[in-house]
Amino acid sequence: MLGITRTTTTKPFIAAVVTIDPEEWPRFAEQNGKTGSIADNVDDADLIAAVQAAVDDANKAVSRAESIRTFRILPDDFTVETGELTPTLKVKRKVVGEKYAETIDAI
């Protein structure tokens, strides 16, 4: 349902920016009575709770020092067309860092 990209700055903790799979969004929205796009729902409590559950599950596989402490949901998924992914679907961290600098800095 989601993609997590860790952000690395001079923060004393690990944070992440999260994208929601646009193919999964309609199912989630229907099951949870949501309307609108992902962008319209990035601050929705149910979506945040679902992402938090996924983060908590992922954190079980790493030490506390390596765990994601906080996250922000981005309004759009990363794509090759919008420049955040390479043709082999690797995240272009510099592009993401520049495009979402304000969100990352707010963490």
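Checking every one of the GluC sites (Glu not before Pro) in the stretch 54-106 against DSSP loop status and a limit of 10 other Cβ atoms within 10 Å picks out Glu81.
In the full protein context, the chain carries 62 Å² of accessible surface per residue, based on a 1.4 Å probe and ignoring ligands, DNA and RNA.
Would you mind getting me the FRET efficiency between Ala49 and Asp105? Use the beta-carbon distance for r and R0 = 22 Å, nearest 0.05. Calculated transfer efficiency: 0.35. When the solvent-accessible area of the chain is split by element, carbon and sulfur atoms take up 51 percent of it, the probe being 1.4 Å.
Exposure check, 1.4 Å probe, all protein chains in place: Ile104 carries approximately 20 Å² of accessible surface.
To the nearest 500 deg cm²/dmol, what mean residue ellipticity at 222 nm is calculated for the chain from DSSP H runs of n ≥ 4 alone, each contributing -39,500 (n - 2.57), summed and divided by the residues? Intermediate results must be reported in sequence, preceding the final value.
Working: 4 runs with 36 residues, N = 107.
Rounded to the nearest 500, it is -9500 deg cm²/dmol.
Here the stretch 18-93 is treated with +1 on each Lys and Arg Cβ and -1 on each Asp and Glu Cβ, and its dipole about the Cα centre works out to around 460 debye.
Give me the tail of P(r) for the stretch 14-61 as a percent: Cα-Cα pairs with distance above 14 Å. Could the numbers behind the result be given before it?
Values: 597 of 1128 pairs.
The answer is 53 percent, as a whole percent.
In terms of its Cα atoms, the chain spans 38, 33, 26 Å along the principal axes, sorted from long to short.
Restricting to the chain, compute how many DSSP beta bridges are antiparallel as a %, nearest 5.
Of all bridge pairs located within the chain, approximately 60 percent are antiparallel.
Would you kindly state how much longer the chain becomes between Glu98 and Asp76 on full extension, computed as 0.36 nm times their sequence separation minus their alpha carbon distance, in nm to one decimal?
Length gained, Glu98 through Asp76: 6.4 nm.
The values are calculated or read from the model by the stated rules, or taken from the named source; none is laboratory data. From a predicted model like this one, the values you see are computed outputs, not experimental measurements. Cβ: placed from backbone, ideal geometry, glycine included. Neighbour counts: every protein chain shown. Calculation scope for accessible area: heavy atoms of the full protein, side chains included, ligands and nucleic acids excluded. Shrake-Rupley method; radii C 1.70, N 1.55, O 1.52, S 1.80 Å.
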